[in-house]
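The values are calculated or read from the model by the stated rules, or taken from the named source; none is laboratory data. Not measured: the values here are computed from a predicted model. Here Cβ is always computed from backbone atoms with ideal geometry, including for glycine, and neighbour counts include all displayed protein chains.
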Amino acid sequence: MSEHAGSGPEAEGQFAGRVAVITGGARGQGRSHAVELARQGADIALVDRCADLATVTYPLATPADLAETVRLVEAEGRRCVAATADVRDLDAMIGFVDDVVAELGSADILIANAGVSTLGSIFDMDAEQWSETVDVNLTGVFNAMRSVAPHMKRNRWGRIIGISSMMGRSANPLIPAYCASKWGVIGLTKSVAHEMAHSGVTANVIAPGNVSTDMLHNDMLYRLMRPDLESPTKDDVAGVMATLHVQPVPWLEADEITAAVVFLCSQGARHITGSVIDVDAGASARFTA
Ligand SMILES: NC(=O)c1ccc[n+]([C@@H]2O[C@H](COP(=O)([O-])OP(=O)(O)OC[C@H]3O[C@@H](n4cnc5c(N)ncnc54)[C@H](O)[C@@H]3O)[C@@H](O)[C@H]2O)c1
């Protein structure tokens, strides 16, 4: 485990004295959550794989990305512990969280955010692609929850947030593994909400629409959206991306997902558990319930 612990000024803000564990925290939405929770007083523990995966056709985060998130958290005056590890490895996740508790004192908030998106038809998807997607997006969320649960139960306080997707509440062709994994995050989190209800711990899901991160802005997705073009650009795909939403916007910014994270971690949300918050420019208006 690589550690970067800064000793900043006394924490201020609604999360002062709390420690937030964020998986997939090197960049994108995870980085946005880390910096905002730090701004509001939390110390931060980041874990990210920081290496590509065989069946994921866009680059994942790098060690430099992780170092940059650490720098941004420390710039907020908070402590930050960071490790390069894979959420698919339960022993590594338990070891990481135990080290975080030893170093920072507790593990109060979990944002189970690490995820990958893969495309593949049911007619030709192979076992490796299926299992990489489901293992990262679903088993990885389980591993993170399993790692923090004993600490939260002991402290009788905790906030667990699983990051699903509008594709965890609906479906599209050519992303069966992603859809299945994101539907799974909702079932898993609701079950955990039951188990933790007597321990002062809430467990909820955020289901984002399109979010402007590297998971969205890459050739794989651009070509899916515009198969009629050889090299589609951001402008070429914006119109198609907007059709996935109801409001006429192609994508949201990461800080819009962070706003829901902050709310679910707040004292005001203490009696919200087992819920799904859709932050998806109205895509959920198409869902049945
Ligand atoms: N971007 C979108 O349009 C969108 C929409 C809905 C939901 N989501 C979900 O939001 C979450 C965050 O994604 P993002 O948009 O910030 O994309 P991103 O690709 O920028 O971030 C994902 C992070 O997870 C890390 N990661 C991937 N596999 C890992 C593993 N096995 N172990 C540890 N870390 C791993 C990556 O290195 C990366 O830093 C994901 O769960 C994603 O499925 C994204």
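Quick notes
- Screening the stretch 192-234 for residues that are within 30 Å of Arg270 (Cα to Cα) and among the small types (Gly, Ala, Ser) and picking the one that is nearest to the chain's Cα centre (by Cα) gives Ala207.
- Pairs where the first residue, in the stretch 248-261, is touching a residue at least 12 places away in the same chain (Cβ under 8 Å) and farther than 24 Å from Ala203 by Cα and the second is within 11 Å of the ligand (Cβ to nearest atom) and in a helix (DSSP H, G or I), C-beta under 8 Å, 6+ apart: Pro250/Met241; Trp251/Met241
- Residue in the stretch 5-18 that is outside any loop (DSSP other than H, G, I, E, B) and on the phi < 0 side of the Ramachandran plot present: no
- Meets criteria (within 14 Å of the ligand (Cβ to nearest atom), over 17 Å from Tyr58 (Cβ atoms) and either buried (at least 18 other Cβ atoms within 10 Å of the Cβ) or not small (Gly, Ala, Ser) (or both)) for Ala281: yes
- Test: residue in the stretch 221-233 that is within 19 Å of Leu252 (Cα to Cα), among the aliphatic types (A, V, I, L, M) and modelled with pLDDT of 95 or more: no
- Residue within the stretch 216-238 that is on the phi < 0 side of the Ramachandran plot, more than 13 Å from the ligand (Cβ to nearest atom), in a loop (DSSP other than H, G, I, E, B) and in contact with a Phe, Trp or Tyr (Cβ under 8 Å, 6 or more places away or on another chain) present: yes
- Residues (closer than 20 Å to Ala171 by Cβ and not in a helix (DSSP H, G or I)) located in the stretch 253-289: Val276, Ile277, Asp278, Val279, Asp280, Ala281, Gly282, Phe287, Thr288, Ala289
- Considering residues of the stretch 77-116 that are surrounded by fewer than 22 Cβ atoms within 10 Å (Cβ to Cβ) and among the polar types (S, T, N, Q) only, the residue farthest from the chain's Cα centre (by Cα): Ser106
- Count of residues meeting criterion [in a helix (DSSP H, G or I) and buried (at least 19 other Cβ atoms within 10 Å of the Cβ)] in the stretch 239-252: 1
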